[in-house]
Every structure is written in C-alpha cells, then in structure tokens.
1. Of the listed peptides 418-428, 225-235, what is their order by residue-averaged count of other C-beta atoms within 10 Å, with the highest listed first?
2. Considering all projection directions equally, how large on average is the shadow of the alpha-carbon convex hull of the stretch 83-346, in square nanometres?
3. With the alpha-carbon atoms as the only input, what is the per residue convex hull volume for the stretch 134-264 in Å³?
4. Which entry in (i) 102, 71, 43; (ii) 89, 49, 44; (iii) 84, 63, 37 is this structure's computed Cα extents along the principal axes in Å?
5. Going by alpha carbons, how many degrees (0 to 90, nearest 10) lie between the helix axis of 448-463 and the longest principal axis of the chain?
6. To the nearest whole percent, what portion of all C-alpha pairs in the stretch 222-283 is separated by more than 21 angstrom?
7. In Å and whole numbers, how far do the C-alpha atoms of the stretch 68-227 stretch along each principal axis, longest first?
8. What ranking of 459, 246 emerges when the number of other C-beta atoms within 10 Å of each C-beta is taken as an exposure proxy, fewest first?
C-alpha cells in the first residue's frame, strides 16, 4: 500500500506519461525518462525513487532540482540537457553520480562539481562557461569531459586535474594556447580543440600518448610535427599555415592525416606506412610526390581543389584505394590516363558540372516520388506505387526529425537521399538512419551519390549523432561496394519485416 506522498508522486509520473498507472510500488522504477515534457519543477517527493539508477530530464524547462534528490543514492546517470539551468544544483554533491550531461543550458557556475568526485563522464557543452577553475576536485574520477561551445579562454590550471581523462573535447571556445601543463594529461587518448583561436602549442603536447587529435579551424601559422608516438588520427584543416613540417619521429603509426584548406604548397609525406586516409584538399599544391606509392594501405586520397597537373605512376601501387577526390585540378591527359589505369570508378573526376546538392523543398516531392520507382526496381523487397511513395516522402518532409537532400541538374531532381533521426539504446543517444539513396542511371559514376552521402554524413556529425546506419539489398552488388568504399561496415544483423 502506497503512502499519500508516494501516491502523489505516482500520480504526477502517470500524468507526465513516465510510468504506467498499474505500477504498484515506486521501488520498481529503476530507469525514468521524463524528457520533453515541458516540466518547470520536480515535486519534492521525487526523493522517494530510491532505486532509480538512470534519470533523463532533458528537453524541459528546469532551473533547479528538489533537495529530496539527495536520497537517490543509487542514481548513476543524470541527463539535464536542454533545460534552463544557470547554476548546477548543490544537491548533486550528495549523490554518487557516474555520468552527468548538462549540455545546452545557460550554465555559468558549475562549482558544485568539485564535490562530485565519482563522476566519470561529464558533458558541459553549449553553455556560457568562462572558466571552470575551482570546479574540478583534486581526486576526481573523470574519464570523458566535454567542454565544447563555451566561452573558455584558459585551461592552464585545469589540465593538471585531468590526469585520468581519456577523452577531452574543448572545441569551439576562445582558447589561444595549449600550455605546458597539457603534459598532465597522462591518460589522454582523444583531444579535440577545433574552432578555437589557438596560435601556439607548447612542445609538451608532442610528448603525449594521445591517439586522436583535432586542431582544425584555429590560427596556427607555424607548426613542427614530431613525436606523438601513439597518434593515429590528426586533423589540421582550416589553419592559415605559412610553415608546416614534420620530422622522422612523427607518429609512426598514423592512419589518418588531414590538412584541408590550409594554404599549403607542399605535399608533406608522413613517415607512417599505415596511412588509410590522406587529405590535402583545397590547397595550393602543384606536385604529388612519387613516394606516395609507399602508402599501400591507403583507402581514401583527397587532393581536389589544388593546382595539380601531373600524377606519378606510383599511384598504381595503391591497391587498397577506394576513394579518390581529385576534381578541381588542371590535370593533363597523361594524368587522366594514370587514373584510368588505377580505377576510374573510385574517382570523382567525371562529375558533371552544374549539379548541385540542396535541401529538398516541397516542390521537389513529386519528382522524388518518381525517383523512388528507380530504387524500388532494384530493391525487390519493395513495390512501386507512386501514390504511396509520394505520401511517404511527403510525411518525411513534414517530420522535424528527417532530412531530405536532392541533387539537381538544370532544375531537375536527378538524385536524392533521406535520413531519419532514431534513438539507439545501444549508443544511448541519437543515430541517423539513411535511406532512399538513388541517382538516375544516366547520372551515375559522376560522383553524385558520393556528394549526397558526404553531405548527409556531415549533417549527422553536426547534429551529434553517434553513428549513421543504412540497409541495402543483398543482391545489389553495386550499392554494397559503393557503401563499403565510403567507410560503411557490414554488420552481423539481418533485417526482418512484419506486415501489420
């Protein structure tokens, strides 16, 4: 028999659609999802949920939490995203939380965190933090810390408190320097510092055992790359380099190296022979060194938008190459022959000019429905029915969790792709489901499909999706090869349909 306090809380939970009215005891509630309910305040009785392990309060209008929540000593995961918190509530210090997501609030004060010593995963992104000095306890257990999209300008005193952090994201702040205290990141594996104002990187940074680094869109003019022995991925895109060089010691196991839009006139070659992706897109490069042939594991090479006229014959050594972006270069006929020998189908050279990739508008829907008939002649699980296809694509267009892109040539829709936002219990967050990628046959092998899927992938990254997924007909060998070449991995799952 519930007490009056328990009954009031139950009624409140039922009213907000969080539990079934048949529930007999509040102790049955282990995980609770109250996201998107427009809640402004939680009832004081909330502390009666003493068996609660995970609580999702995201997408509400909360600015405080009831003191009774200090009784939730089993609560491990707390999601406070997209609320109205200006200060992290003091009640948090009485809990033994392992994960806190407080992104997309208006937080300016998170000082309570210095007493939340058990937290391992902390997301404070998209707030208005100017400093977190004094907000992290000396004996903290942090492993993942996201401080992106704030107003931070100096983390010198913070790095020394992050000895156990493995993943650190400080993207999109106003940081000018990576100081010598970065050496205190003893456990760091992933370091993201894109979209800052970084002009200087202390030499201590190059002694880290970090595996992935993103320093894109900063103000780096000069950089000497060395050491970083464990590094596998380095992104330096959109830095105004006047001088970039590397020595023999740099990243012997590097797999991905990107310098897109850096104003470079020299094609630098990392020593690592494990490279799988190399990008020098949109620079001032005129010559591709013949030594590129030693990268026998290379899968993607992006050198579009340069001044390259000739290509070395050693490109033929790149037997694992799946994607070659080389458009926007004044290639000679001899260079085009090298590509033909390599494999013309992996290259975007044949892209017809004048094709644009755009977000679909309502007027495009009838043409998109027609285009789907081309797809469904290939995928035998589906039946061509224009009215159904038009109804379906219209509902997708009107749904705020969907994205629709079209490729147009001379005003006509000649290709399309759609993506829907899903919630993955495995990822614990949003994922993107890509569907309906199709291009009219006469426009294939022109890079249209690549541009469509690349644009959709960049949108998924922008939205923060944890992964994107798709399904393809097992007999459509062209599609299977297309997706494989663009980084999609086949899973062990089969898809089943049940008609209702």
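Throughout, read-outs are computed from the coordinates displayed, never taken from laboratory work. What you are looking at is a predicted structure, and each value in this text was computed from that prediction instead of being measured. A quick note on method: Cβ atoms are made from the backbone with ideal geometry, for glycine too, and the neighbour counts reach across all protein chains shown.
1. 225-235, 418-428
2. Numbers: hull surface 57.5 nm².
Quarter of the Cα hull surface area: 14.4 nm².
3. Details: hull volume 11.7 nm³, N = 131.
Dividing the Cα hull volume of the stretch 134-264 by its residues yields 89 Å³.
4. (iii)
5. Once rounded, the angle reads 30 degrees.
6. On the way: 256 of 1891 pairs.
I get 14 percent for the Cα pairs in the stretch 222-283 exceeding 21 Å.
7. Principal-axis extents of the Cα atoms in the stretch 68-227, largest first: 54, 27, 22 Å.
8. On the way: 459 16, 246 19.
So the residues, fewest neighbours to most, are 459, 246.
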